[in-house]
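The values are calculated or read from the model by the stated rules, or taken from the named source; none is laboratory data. Predicted model only: the values in this text are computed from it and were never measured. Cβ: placed from backbone, ideal geometry, glycine included. Neighbour counts: every protein chain shown.
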Amino acid sequence: MTAGALENRTAGSVPRTTGERVSRFISKSPVHIVLGLIGLVWLLPSIGLLITSFRPSSDMRASGWWTVLGDPEFTLANYQRVFEAEGMANAFLNSVFITVPSTLIPLVVASLAAFALAWVRFPLRDTIFLVIIGLMLVPVQIGFIPLVQGLRPTGLLTNFGAIWLTHAAYALPFGIFLLRNFFITLPKDLIEAARIDGASNLGIFRTIVVPLSVPAIASYGIFQFLWTWNDLLVAMVFLGAGNDELVLTGRLVNLLGSRGGNWEILTASAFITIVVPLLVFFTLQRFLVRGLLAGSVKGG
């Protein structure tokens, strides 16, 4: 392709005048409007929950949350009451202390296992991978009794170790499947060149695979963080229902039973429960789509 042809092609793809820019924007406006409306509909419940959590109890019972547009009146008393009197602060710390290790442990183990299944040759490699895929079909509930019986002699049932191991065990099959499908799309020549230069498998994983796989690793981390943060069943089984051990989801369930009429308490507690997942998702959402698309293009 000549320089003139390249220039003409580039000029045809990039609008130079204001009229061309306006015409392109108008042609895409219907799509943007539809997507914006869909996003607004999805966000409307969360927006209403946020506004309601800051409204005084008397206003909340007298009118809908949308009335704040004409007569805005907000208070922090709902959140102060939730953190001081309803035990949400302790439940928040419990959720953080459970979620962070339960995300990091499977993230590290799944990454190493996926690299081995993608780039390290050993006997029965494909068979092991098929078994791991089969484990994705096992429901969480079916393993509770064997897990409790197996962990009871270790003494882990009395602390957070049991729930860390349980979340990690159930997260590994999906994580290995997702990351392995991404790792095998990496350039083979790059891996082989590193081996010729004398790099070990661990060195290749640390210096080549991980930097090139940040989207996939981050997307898996988002999934695992959201699943663990929103979990109630595993926490109730291994930590019990005591007030000191409750996570945010468990505390919210208790409030629904004991404070069903206190809307100001429930809305503030519910928003505290969802604010961290929202921050994590919106911060790392660009990695989520890139990682899932790249991992689904090619199989081994």
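Annotations
- Condition met for Gly161 (in contact (Cβ under 8 Å) with a residue 60 or more places away in the chain and either in contact with a strand residue (DSSP E or B) (Cβ under 7 Å, 6 or more places away or on another chain) or within 30 Å of Ala235 (Cβ to Cβ) (or both)): no
Residue-wise test of (1) in contact with a His (Cβ under 9 Å, 6 or more places away or on another chain); (2) crowded, with 18+ Cβ neighbours inside 10 Å.
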site: Trp65; (1), (2): no, yes
site: Phe83; (1), (2): no, no
site: Met88; (1), (2): no, yes
site: Thr99; (1), (2): yes, yes
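- Scanning region 212-248 for residues that are in a helix (DSSP H, G or I), small (Gly, Ala, Ser) and at pLDDT below 80 turns up nothing.
- Where Phe182 falls short, out of the listed (1) over 19 Å from Ser102 (Cβ atoms); (2) crowded, with 21+ Cβ neighbours inside 10 Å; (3) at pLDDT 90 or above: (3)
- Of the residues examined, Ser29 is not one that is among the hydroxyl-bearing types (Ser, Thr, Tyr), surrounded by 10 or more Cβ atoms within 10 Å (Cβ to Cβ), at pLDDT 65 or above and touching a Ser or Thr at 6+ places or on another chain (Cβ under 6 Å).
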